[in-house]
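See structure below.
The values are calculated or read from the model by the stated rules, or taken from the named source; none is laboratory data. Everything quoted here is computed from the prediction, not taken from an experiment. Neighbour counts are summed over all protein chains in view; Cβ atoms, including those assigned to glycine, are modelled from backbone coordinates with ideal geometry. What goes into the accessible areas is simple: the full protein's heavy atoms, side chains included, and nothing from ligands, DNA or RNA. Shrake-Rupley method; radii C 1.70, N 1.55, O 1.52, S 1.80 Å.
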Amino acid sequence: MSEASGLAAALAGIASLKTAEAPDAKSGCQGLHTVGREAIVEVGRVFREAGYMLEMLTALDMRAAEQAMHVVYQFNRFGAPDRHRVRVVVPAGEAVPSLADLFGSANWYEREAFDMLGVRFDGHPYLVRILTEEGADYHPLLKDFGVAPAAAEEAAGG
Amino acid sequence: MTPRTFNDIFGNPYLAVLAATTVIMGYLTVNALMIIWMERKVAARMQRRLGPTERGKFGLLQSIYDMGKLIGKELITPTHVNKGLYLAAPVLVFAPVLALCSLIPVSQSWVFHDYDIALVLLLAFSGLAVIGIFSAGWGSNNKYSLMGAVRSVSQTIAYEIPLILSALAVVMMAKELNLYQIVAKQEGLWNIVLQPVAAVIFLISATAETNRAPFDIPEAESELIGGFHTEYSGMRFGLFFFAEYSNMIIACSLATVLFLGGWHGPLLPGILWFFIKVYALIFVMMWFRWTFPRIRFDQLLSFSWLVLTPIAIANLFVTAVVSKLV
Amino acid sequence: MAELIQIASDEDRDTFYLNMGPQHPSTHGVLRLRLHLKGERILSAEPIIGYSHRAHEKMAENRNYIQFLPNPSRVDYLSGMIYSIGYCQAIEKAIGLEVPERAEYIRVICNELNRISSHLLWFGTFLLDLGGVTPFLYCFDDREKILDLLDLVSGSRLTYCYGRFGGLVNDVTDDFLEGTARFCTAFRERLREYDRLVTQNVIFRNRTIGVGVMRPELAQQFGITGPCLRAMGMARDVRRDEPYGIYDRFEFDIPTRTASDCFDRYLVRIAEMEQSMRIVEQALAKLPDGPIMAKKIPRKIAPAKGEYYFAVESARGHFGMFIVSDGSEIPYRIHLRTPSFANLSTMRTVLPGTLLADTVSILGSIDIVLPEIDR
């Protein structure tokens, strides 16, 4: 319990961090936060020192609605889940500081987010494509990346 | 007692060589096909499968079809290889086998040629195969092949020593290097009774010498893909395969000659006894292969240098002392 | 890592680079490892993935939730049932759909059978990597029985699509229930046989004990989950920590070991097979009668606008689904958090210093499934 409150206190110390009230059980998370991109390394350090792991990292293409990309970090601890989803909103085309120095898993997760959605991570030691071919000029999970006509038709027509 | 040699039988040394070569080549070919069939059947039975059943009775002809397939395949020579070594290697691997076979006394009544130092020749020739393997690995110009070749050389050197030391114990007792005489002296009492330690060491080393699992690290398919024969195809690969099974025959024949009393045995003719013993040993080798996982390379070497070699030396020492006293 | 790309210079003639894979017998599919070797010792290793990337996440954005149903079992084809049912459970939770009791029990039985079959395949291929061919065929013999059972209920043998939102597509038959009970009895005997053939084998022990030790701090660093984590001594299992479905109703242990080497990962998985059988037997004993589909299933499957995360314990570890809905029938984004992705990324740290032969056993022991990593 003290560990959790210590974490809460540490998180509260980060100026740009906004925590949502009482997340819905359906969200699967115990804490939902939004933070400015300059503070994400600090957030990562807080979680790391509290013994949390970086469970998931991905990005969302929200350019249509907000002209921004969302980078979603999910931290969790070992044992009973205490899952915190931290969101960084970054204007399309701009970079986010990398967590690769803090978490080994961030290295590949960030490469994947870069590969799939074109989000760049500052300070990443080796930010190259991981799943798609080398030298490709596309980021397939962007909403404006076209799909083959048949797939689009199937989605539209059912 | 002295056996009849092929020279005596045919009365002409050239004819004798021709006859011996024909007999050996014919035997080795049939034997390799049959051992491959046997290996597949044994493996299948150990793994609750049926093995080959389609071609011939009990799938006996399966190997002949496989042979046809191998012969029919295109011989690919990759462009990056060292051609001379690459092409010579399969021949180099297979050639010593022929020479080795002619030294084995299979029957009481005849031998191919009666050498007084047959054992020395045999051990010397068996070391030659490694040259073929190394030239295959080096000539292939492939990293996996090279590693397989390097492994093979260090393995052969490491296991040749306990092999020779354990054979030497038998030589000390028999005071003979002539294989025919070594067998002849075992009448009534096989060497395995007097030399159980040497026999076990010999069998282990022989398995390692023939690159059979669990000592098959030069070709270790899960690590090195195919090891030294990664780049070979068609019948060139077939020759390596052929040589492996022929080497098994030689190793097991030598074990039979040195420890299991060669042709000695009740009721049945001597030559039949010899082959019964050889194939029993081959079955044991197959049993090893389908039971054990592969030893790691460093463990393989330390097992030879730190376990087998000291025991073999101690055994040799004890043999020397005892034979002097008796 | 950047230094890995440089070609060895002329002065550096003692070392060489070896591309292990993507076509290699023991990289379990299409993994490529770029190894920097000195003799047989590994100086550095870089896994290169993506050879079987099939864009499942992109597919999700171009079809509705129901149309995505066959996909999850293709992500990890060895524990397809767990993935496929896990996806159903994620959507059910998101739209608040109750599943009938009987369906829940059958789901547990199928999940655990699938877990055993996945572990069996791992066991066989692991031994194959170490050069032992015979156990591989024994395992396939047993696995075949499970595949037949699952085939009986779901109609497929590998990439199952058995779950539906709100239940299951078919009810189980008596054949399935009897066959499962029979399998459990027979399989206990087989496990003892494996113990004699493999666990007690001195060569196997030499190849695995003390090999590929993952230091404990790697767990947090890399988010290792599943049997690899439990071999580090941490009893973490999604089935226990955040029970989904009805896993909280069963008694089972979470096997752990402490040395975190290949041998421990092996023992953990063997023990897990036994625990899975315990769960199956409990579920068989308690299986209630009743319907297998929920009564009222919405015609349109469209979770309310928002973000959902749902995790299940697959045979390899924590499988999470991050679903973003914009309120329509088509997912805005589905991100699959797959366990082997995190587990494999540790290889850069674990492999250096080991021998080439160990690479094979270490890779085998973390139980990677490449399509699941590449998605």
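For B:Met34, the stated conditions do not hold, so it cannot be described as open to solvent by less than 60 Å² (accessible area, probe 1.4 Å) and in a helix (DSSP H, G or I).
C:Phe341 meets the conditions (1) over 23 Å from C:Arg54 (Cα atoms); (2) within 8 Å of another protein chain (Cβ to nearest Cβ) in every case but one. The failed one is (1). Of the residues making up the range B:131-157, those that are open to solvent by less than 30 Å² (accessible area, probe 1.4 Å) and closer than 22 Å to B:Phe303 by Cα are B:Met147, B:Gly148, B:Ala149, B:Arg151, B:Ser152, B:Gln155, B:Thr156. Restricting the range C:206-243 to residues that are open to solvent by 50 Å² or more (accessible area, probe 1.4 Å) and under 22 Å from C:Ile82 (Cβ atoms), the residue that is nearest to the other protein chains (Cβ to nearest Cβ) is C:Met234. Within the range C:325-335, the residues that satisfy the criterion of being open to solvent by less than 10 Å² (accessible area, probe 1.4 Å) and out of contact with any Pro (no Cβ under 7 Å at 6 or more places or on another chain) are C:Pro331, C:Arg333, C:Ile334, C:His335.
The lone criterion from (1) within 30 Å of C:Leu356 (Cα to Cα); (2) more than 14 Å from chain B (Cβ to nearest Cβ) left unmet by C:Phe68 is number (1).
Here C:Leu150 passes the criteria (1) on the phi > 0 side of the Ramachandran plot; (2) crowded, with 16+ Cβ neighbours inside 10 Å; (3) within 22 Å of the chain's Cα centre (by Cα) except the one numbered (1). Taking the criterion of being under 21 Å from C:Leu355 (Cα atoms) and either among the polar types (S, T, N, Q) or not assigned by TED's automatic domain parsing to the domain that holds C:Leu127 (or both), the residues of the range C:202-227 that qualify are C:Asn206, C:Thr208. Can C:Asp248 be described as assigned to a helix (DSSP H, G or I), modelled with pLDDT under 90 and open to solvent by 50 Å² or more (accessible area, probe 1.4 Å)? Against the criterion (assigned to a helix (DSSP H, G or I), modelled with pLDDT under 90 and open to solvent by 50 Å² or more (accessible area, probe 1.4 Å)), C:Asp248 qualifies. How many residues are in contact with a Gly (Cβ under 8 Å, 6 or more places away or on another chain) and in a helix (DSSP H, G or I) when one looks only at the range C:129-158? Of the residues in that region, 12 qualify.
Here C:Gly353 passes the criteria (1) touching a residue at least 60 places away in the same chain (Cβ under 8 Å); (2) in contact with a helix residue (DSSP H, G or I) (Cβ under 9 Å, 6 or more places away or on another chain); (3) not in a helix (DSSP H, G or I) except the one numbered (2).
This table checks each residue for (1) touching an Asp or Glu at 6+ places or on another chain (Cβ under 7 Å); (2) of a type in the set (Gly, Ala, Ser); (3) closer than 19 Å to C:Leu97 by Cα.
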| position | (1), (2), (3) |
| --- | --- |
| C:Thr225 | no, no, no |
| C:Cys228 | no, no, no |
| C:Phe252 | no, no, no |
| C:Asp261 | no, no, no |
| C:Val268 | no, no, no |
| C:Pro288 | yes, no, no |
| C:Met293 | no, no, yes |
| C:Val312 | no, no, yes |
| C:Ser325 | no, yes, yes |
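Here is a yes/no grid of residues against (1) closer than 30 Å to A:Leu142 by Cβ; (2) within 14 Å of chain A (Cβ to nearest Cβ):
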| residue | (1), (2) |
| --- | --- |
| C:Phe16 | no, no |
| C:Gln23 | no, no |
| C:Ser26 | no, no |
| C:Arg32 | yes, yes |
| C:Leu37 | no, no |
| C:Ser44 | no, yes |
| C:Gly50 | yes, yes |
| C:His53 | yes, yes |
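Test A:Glu55 against the stated conditions and say whether it is of a type in the set (D, E, K, R), facing another protein chain (nearest Cβ under 9 Å) and either closer than 26 Å to C:Gly233 by Cβ or without any contact (Cβ under 8 Å) to a residue 24 or more places away in the chain (or both). Yes, satisfied. Is it the case that B:Tyr115 is aromatic (Phe, Trp, Tyr) and either open to solvent by less than 20 Å² (accessible area, probe 1.4 Å) or within 14 Å of chain C (Cβ to nearest Cβ) (or both)? No; evaluated as a whole, the condition is false for this residue. Here the helices (runs of 4 or more DSSP H) wholly within the range A:35-130 that include at least 3 residues being closer than 18 Å to C:Tyr332 by Cβ and open to solvent by 20 Å² or more (accessible area, probe 1.4 Å) are A:63-66.
Determine whether B:Ile250 is among the β-branched types (Val, Ile, Thr), in a helix (DSSP H, G or I) and either free of Cβ contacts under 8 Å to residues at least 12 places away in the same chain or open to solvent by less than 40 Å² (accessible area, probe 1.4 Å) (or both). Working first, answer last.
On the way: among the β-branched types (Val, Ile, Thr): yes; in a helix (DSSP H, G or I): yes; either free of Cβ contacts under 8 Å to residues at least 12 places away in the same chain or open to solvent by less than 40 Å² (accessible area, probe 1.4 Å) (or both): yes.
Criteria met by B:Ile250.
So, in the range C:297-324, of the ones that are within 20 Å of C:Phe165 (Cα to Cα), away from chain A (no Cβ under 14 Å) and out of contact with any strand residue (DSSP E or B) (no Cβ under 9 Å at 6 or more places or on another chain), which residue ends up surrounded by the most Cβ atoms within 10 Å (Cβ to Cβ)?
Narrowing the range C:297-324 to residues within 20 Å of C:Phe165 (Cα to Cα): C:297-314, C:319-324.
With the extra rule that they be away from chain A (no Cβ under 14 Å), the set shrinks to C:297-298, C:314.
Applying the additional criterion that residues be out of contact with any strand residue (DSSP E or B) (no Cβ under 9 Å at 6 or more places or on another chain) yields C:298, C:314.
On the way: C:Pro298: 11, C:Ser314: 30.
Ranking the candidates gives C:Ser314 first.
In summary, C:Ala294 fulfils each of the numbered conditions (1) more than 14 Å from chain A (Cβ to nearest Cβ); (2) in contact with a Cys (Cβ under 7 Å, 6 or more places away or on another chain) with the single exception of condition (2).
Here are C:Glu281, C:Glu272: which of them is open to solvent by less than 10 Å² (accessible area, probe 1.4 Å) and in the same structural domain as C:Leu168 (by TED's automatic domain parsing)? Spell out how you get there, then give the answer.
Numbers: C:Glu281 fails: open to solvent by less than 10 Å² (accessible area, probe 1.4 Å).
Answer to the check: C:Glu272.
Being part of a loop (DSSP other than H, G, I, E, B) and either on the phi > 0 side of the Ramachandran plot or more than 7 Å from every other protein chain (Cβ to nearest Cβ) (or both) is the requirement here; does C:Ser328 meet it? Working first, answer last.
Values: part of a loop (DSSP other than H, G, I, E, B): yes; either on the phi > 0 side of the Ramachandran plot or more than 7 Å from every other protein chain (Cβ to nearest Cβ) (or both): yes.
Yes.
Determine, yes or no, whether B:Ala136 is more than 14 Å from chain C (Cβ to nearest Cβ), touching a Leu at 6+ places or on another chain (Cβ under 6 Å), touching a residue at least 60 places away in the same chain (Cβ under 8 Å) and not β-branched (Val, Ile, Thr).
Working: more than 14 Å from chain C (Cβ to nearest Cβ): yes; touching a Leu at 6+ places or on another chain (Cβ under 6 Å): no; touching a residue at least 60 places away in the same chain (Cβ under 8 Å): yes; not β-branched (Val, Ile, Thr): yes.
No: the conditions fail for B:Ala136.
So is C:Ile91 closer than 24 Å to C:Glu251 by Cβ, open to solvent by less than 10 Å² (accessible area, probe 1.4 Å) and of a type outside the set (S, T, N, Q) or not?
Numbers: closer than 24 Å to C:Glu251 by Cβ: no; open to solvent by less than 10 Å² (accessible area, probe 1.4 Å): yes; of a type outside the set (S, T, N, Q): yes.
Against the criterion (closer than 24 Å to C:Glu251 by Cβ, open to solvent by less than 10 Å² (accessible area, probe 1.4 Å) and of a type outside the set (S, T, N, Q)), C:Ile91 does not qualify.
Could you tell me how many of the residues in the range B:188-247 are in a helix (DSSP H, G or I) and of a type in the set (Val, Ile, Thr)?
Narrowing the range B:188-247 to residues in a helix (DSSP H, G or I): B:191-194, B:196-209, B:221-224, B:227-229, B:234-247.
Now restrict to residues that are of a type in the set (Val, Ile, Thr): B:192-193, B:197, B:200-201, B:204, B:207.
So the answer is 7.
Of all the criteria given as (1) within 14 Å of chain B (Cβ to nearest Cβ); (2) over 21 Å from C:Glu178 (Cα atoms), the one not satisfied by C:Ile85 is (1). Answer yes or no as to whether C:Arg157 is modelled with pLDDT of 85 or more and within 20 Å of the chain's Cα centre (by Cα). Yes, satisfied.
Hey, can you tell me all the residues within the range C:171-224 that are of a type in the set (S, T, N, Q) and assigned to a loop (DSSP other than H, G, I, E, B)? Walk me through how you get there before you give the answer.
Taking the range C:171-224 as the starting set, the residues that turn out to be of a type in the set (S, T, N, Q) are C:173, C:180, C:185, C:199-201, C:206, C:208, C:220-221.
Scanning the range C:171-224 gives C:Thr173, C:Gln200, C:Asn201.
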